[in-house]
Amino acid sequence: MAFESKHRFARIAPRKARLVMDLIRGRDVDDALSLLRFSKQRVSGMIEKVIRSAVANANEQEAAPSRNTLFVAKAWVDPGPVIKRFQPKDRGKAYPINKRTSHLCVTIDEREE
């Protein structure tokens, strides 16, 4: 049975978040968490919380799977709404600044032996 967790409206661009999500997809949960803990990217802390939440969702079930059999089955990033701001420039011009948001989604599952 798959267990899912999401962090919606994360204040990071989807392009930056996808780089880290690609690293953890298909790995064991403990391996993915250790990889994220030593990663320098800002999004790694956000993704770590999402994985921990999915593991907590798995532990809440009656037939809770053991942690060493769990792996990251799916990990994807969807674009969220764009916060639009403007930066004033010379001669009365205004340049747009797009502050992008992301929806971080992780699904963990029990590995079949």
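The values are calculated or read from the model by the stated rules, or taken from the named source; none is laboratory data. Just so it is clear, the structure is predicted and the values come from calculations on it, not from any experiment. Every residue, glycine as well, gets a Cβ built from its backbone with ideal geometry; the counts of neighbours run over all protein chains shown. SASA here: full protein model, heavy atoms, side chains in, ligands and nucleic acids out. Shrake-Rupley method; radii C 1.70, N 1.55, O 1.52, S 1.80 Å.
Under the rule of -39500 (n - 2.57) per DSSP H run of 4 or more residues, summed and divided by the residues of the chain, what mean residue ellipticity at 222 nm is obtained, to the nearest 500 deg cm²/dmol?
Mean residue ellipticity, 222 nm, calculated: -10000 deg cm²/dmol.
Name the most mobile residue of PRO14, PRO96, PRO81, meaning the one with the largest mean-square fluctuation, in a Gaussian network model of the chain with Cα contacts below 10 Å.
Maximum among the listed residues: PRO96.
If you roll a 1.4 angstrom probe over the protein chains with everything in place, what fraction of the accessible area of segment 20-61 belongs to carbon and sulfur, to the nearest %?
About 47 percent, which is the carbon plus sulfur part of the accessible surface.
What FRET efficiency comes out for the pair TYR95/SER34, r = Cβ-Cβ distance, R0 = 41 Å, nearest 0.05?
Efficiency, rounded to the nearest 0.05: 0.50.
Taking a ≥ b ≥ c as the square roots of the eigenvalues of the Cα gyration tensor of segment 29-81, is the shape rounded (a/c under 1.5), prolate (a/b larger than b/c) or oblate?
Cα axes put segment 29-81 in the oblate bin.
Using the Karplus curve 6.51 cos²θ - 1.76 cosθ + 1.60 with θ = phi - 60°, work out ³J(HN,Hα) for each residue of segment 72-80 in order, rounded to whole Hz, and write x for Gly and Pro.
For segment 72-80, the Karplus-derived couplings read 7, 6, 9, 8, 9, 10, 9, x, x Hz, x marking Gly and Pro.
Can you work out the accessible area per residue across the chain, with the rest of the protein chains kept in place, probe 1.4 Å, in square angstrom?
Here the residues of the chain average 66 Å² of exposed surface.
Can you list residues whose amide H is under 5 Å from LEU70's amide H, if they're 5+ apart or on another chain and H is modeled 1.01 Å from N?
Those qualifying (amide H under 5 Å, at least 5 residues apart or on another chain) are VAL29, ARG111.
For the chain, what D do you get in µm² per second when you plug the Kirkwood radius from alpha-carbon pairs into Stokes-Einstein at 10 °C and 1.306 mPa s?
Estimated via Stokes-Einstein, D reaches 104 µm²/s.
Helix 14-24 versus the longest principal axis of the chain: what is the Cα-based angle in degrees, 0 to 90, to the nearest 10?
Result, in degrees: 20.
Considering only lysines 8 or more places apart in sequence, or on different chains, count the pairs in the chain whose C-alpha atoms sit under 28 Å apart.
23
For segment 47-113, just the Cα set please: Rg and Dmax, both in angstrom.
20.2, 67
PRO14: net charge of surrounding residues, Cβ under 10 Å, Lys/Arg +1, Asp/Glu -1, itself excluded?
+3
To the nearest 10 degrees, how steep is helix 43-59 against the longest Cα principal axis of the chain, on a 0 to 90 scale?
Around 30 degrees separate the two axes.
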